[in-house]
Amino acid sequence: MKFLNRAINILLVEDSRTDVILMKKMLSMLNTPSQVEVADDGVEAIAFLRKENKYQTKTRPDLIILDLNLPRKSGHEVLVEIKNDLILRVIPIIILSTSDSEKDILRCYENYANCYITKPMSLKDFQQQIKIIEDFWFNVAHYPSE
C-alpha cells in the first residue's frame, strides 16, 4: 500500500550501530519516505510497541524489521511476544538476520514472521535487498490502520 499522505513508520530492532546507520542510510535513499525508530534490544522493542515509559508518545509502526541476535531479549522472544499480543500481532515483521540456519528460519515462520531475509555481506547486495523490501512492503502490501 502506498503511503501517499505520510511516511511509512518502521521500527528497526537492531543492536549493531553499524547496521542501524547502514539501514537508515539505505532507507533514506528509497523513493518511499520512511520514519525509522530504533530499539537496540528486545526489551526496548517491546516497551516501544506497548508505549511504555519514554515511548508513550511514539506512533505504532507500520512495519517491524527485527534482528534475531539481540541482548536482553532475543529476536525470537520478541517475535513470539508480538504475535501473541492481540493488538500488536497485525504489524508485519520482517526478520533481517545474519543467520541462514534452517532451524532459525523455520522457527520464525512457525511463530508467524511475515518474511525472513538473511543479511547480505556486500553493500551492493544489501542495497538490492532494501530495494526489494521497498518494492513489496512499501508499494504492494496493504497494512491495517492503527
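The values are calculated or read from the model by the stated rules, or taken from the named source; none is laboratory data. No experiment lies behind these values; they were computed from the predicted model shown. Positions of Cβ are generated from backbone atoms using ideal geometry, with glycine treated the same way; all protein chains shown enter the neighbour counts. Heavy atoms of the whole protein, side chains included, go into the accessibility calculation; ligands, DNA and RNA do not. Shrake-Rupley method; radii C 1.70, N 1.55, O 1.52, S 1.80 Å.
Key figures for this structure:
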| item | result |
| --- | --- |
| Hits in the range 8-22 (condition: under 18 Å from residue 75 (Cβ atoms) and either open to solvent by less than 10 Å² (accessible area, probe 1.4 Å) or not in a helix (DSSP H, G or I) (or both)) | 10, 11, 12, 13, 14, 15, 16, 20 |
| Enumerated helices (runs of 4 or more DSSP H) restricted to the range 62-146, each holding at least 2 residues that are open to solvent by 50 Å² or more (accessible area, probe 1.4 Å) and acidic (Asp, Glu) | 102-110 |
| Sole residue being out of contact with any Lys or Arg (no Cβ under 7 Å at 6 or more places or on another chain), in contact (Cβ under 8 Å) with a residue 24 or more places away in the chain, closer than 22 Å to residue 36 by Cβ and of a type in the set (Ser, Thr, Tyr), chosen from 99, 74 | 74 |
| The range 23-58: number of residues that are closer than 23 Å to residue 71 by Cβ, open to solvent by 20 Å² or more (accessible area, probe 1.4 Å) and not in a helix (DSSP H, G or I) | 8 |
